[in-house]
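Novice: Dumping the structure here so I can ask a few things about it.
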Amino acid sequence: MPSLKDLKNRIASVKATQKITKAMQMVAAAKLRRAQEAAEAARPYSQRMAAVMSNIAQAVGSGDDAPRLMTGTGKDDVHLLVVCTAERGLCGGFNSQIARFAREHIRRLLADGKTVKILCVGKKGFDILRRDYASLIIERVDFREVKRMSFVQAETVAEKVMTLFEAGGFDVCTLFYSEFKSVISQVPTAQQLIPATAGSADADRSASAVYDYEPGAEEILEDLLPRSIKVQIFRALLENVAGEMGAKMSAMDNATRNAGEMIDKLSMSYNRQRQAQITKELIEIISGAEAL
């Protein structure tokens with residue numbers, strides 16, 4: 001049984017940990033609002049970009065003049081997985097959910113005889129995936145020094161992906177991230193980047209309209225496709241930041257509650273042991289007095 005001093009030190013240690021988790025919860029809550037606003041602001045632009053791309057892609061079709069980013073290589077042998085996770089932990093199962101989702105996709109591809117390459121964006125995803133698939137990871141992008149995610153980081157990732165595609169490094173590229181739903185709900189998502197999917201145009205009046213493009217639709221696609229890939233990656237990074245802050249806020253709230261429960265149990269054990277020690281000392285004093 002631990003001594004009173006050990007219990008007192010343990011209570012002090014847990015109280016210090018509780019202060020830290022409470023502070024981290026408040027910081028995550030403050031960052032969550034900005035991250036959520038940024039993620040929600042990026043969604044309409046991303047969706048509208050997909051609608052424009054769908055309209056132009058339908059006009060171009062899959063002819064010889066269509067850009068390679070849209071038609072692909074014509075093969076389905078080599079797959080590049082861009083797995084986006086957080087740079088830091090202490091956010092519950094946020095990172096492990098994305099990594100698990102990507103791992104299941106990797107297993108299916110390998111079972112089908114495909115070649116898989118992994119580009120890790122974020123330290124935690126790299127740490128998880130390298131345990132089983134270290135030989136498949138070709139590069140890791142580190143944003144630990146970035147205080148606020150911007151379009152520059154998305155361009156960095158997109159340029160690496162498109163350069164690798166132009167060099168014939170893969171046939172299909174899939175982006176993995178976690179879509180922010182709420183503080184307690186982040187949904188792992190897979191989105192194909194290359195070949196660029198036409199998607200579905202927004203159900204508005206302009207979706208069914210017929211356009212004449214100047215210059216030609218092929219030239220517009222040549223410029224819009226790389227930009228669309230950057231936008232999709234930027235949206236994924238923003239969704240990840242919002243999801244990370246939501247998961248961290250929830251995890252630190254649970255940790256604070258658990259610390260409070262542990263302090264109550266330790267305090268009860270401390271009081272009981274202290275009372276037992278006092279009772280024992282009183283009995284010894286009374287027994288000594290009676291002996292005299």
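The values are calculated or read from the model by the stated rules, or taken from the named source; none is laboratory data. Note that the structure is a prediction, hence the values are computed from the model and not measured. Just the protein is used for accessible areas: all its heavy atoms, side chains included, with ligands, DNA and RNA removed. Shrake-Rupley method; radii C 1.70, N 1.55, O 1.52, S 1.80 Å.
Novice: Suppose we take every Cα in region 214-255 and form the convex hull; what volume per residue is that in Å³?
Specialist: 45
Novice: How big is region 226-292 by Rg and Dmax over its Cα atoms, in Å?
Specialist: Looking at region 226-292, its Cα Rg and Dmax stand at 28.7, 97 Å.
Novice: Another question about this same structure. May I ask you to evaluate 6.51 cos²θ - 1.76 cosθ + 1.60, the Karplus curve with θ = phi - 60°, for each residue of region 81-90 and list the ³J(HN,Hα) values in order in whole Hz, giving x for glycine and proline?
Specialist: Along region 81-90, the couplings run 10, 9, 9, 9, 9, 7, 7, 10, x, 6 Hz.
Novice: Under DSSP H, which helices of the chain have Cα atoms covering 20 Å or more of the helix axis and a Kyte-Doolittle average no less than -0.5?
Specialist: On the way: long enough: 4-60 (79 Å, -0.20); 94-111 (26 Å, -0.27); 151-166 (22 Å, 0.51); 217-291 (108 Å, -0.22).
Membrane-span-like by this rule: 4-60, 94-111, 151-166, 217-291.
Novice: Okay, moving on. Probe 1.4 Å, all protein chains in place: accessible area of residue 5 in Å², nearest 10?
Specialist: About 150 Å², ignoring ligands and nucleic acids.
Novice: Quick check of the Kirkwood formula: for region 78-144, what is the inverse mean of 1/r over all pairs of different Cα atoms, in Å?
Specialist: 11.9
Novice: Using the Kirkwood radius over C-alpha pairs as Rh, can you work out the diffusion coefficient of region 1-49 via Stokes-Einstein at 4 °C, viscosity 1.567 mPa s, in µm² per second?
Specialist: Taking Rh from Cα pairs, D becomes 92 µm²/s.
Novice: Assuming 1.002 mPa s and 20 °C, estimate D for the chain with Stokes-Einstein, Rh taken as the Kirkwood radius over Cα pairs, in µm²/s.
Specialist: Values: Rh = 22.5 Å.
Rounded to a whole number, D works out at 95 µm²/s.
Novice: Also: Set the bar at 18 Å for Cα to Cα. Now go through 31/248; 15/248; 22/124 and name every pair that lies beyond it. Walk me through the numbers on the way to the answer.
Specialist: Values: 31/248 10 Å; 15/248 20 Å; 22/124 23 Å.
Those over the limit are 15/248; 22/124.
Novice: Oh, and also: Given just the C-alpha atoms of region 1-146, how large is their convex hull per residue in cubic angstrom?
Specialist: Measuring per residue, one finds 178 Å³ for the Cα hull of region 1-146.
Novice: Now for a separate question. Taking a cut-off of 18 Å between Cα atoms, list the aspartates and glutamates near residue 114, but don't count ones fewer than 8 places away on the same chain.
Specialist: The reachable aspartates and glutamates, counting only those whose Cα sits under 18 Å from residue 114, are 76, 77, 104, 132, 171.
Novice: Please report the carbon-and-sulfur percent of the accessible area for the chain; probe 1.4 Å, protein heavy atoms only, DNA, RNA and ligands left out.
Specialist: 52
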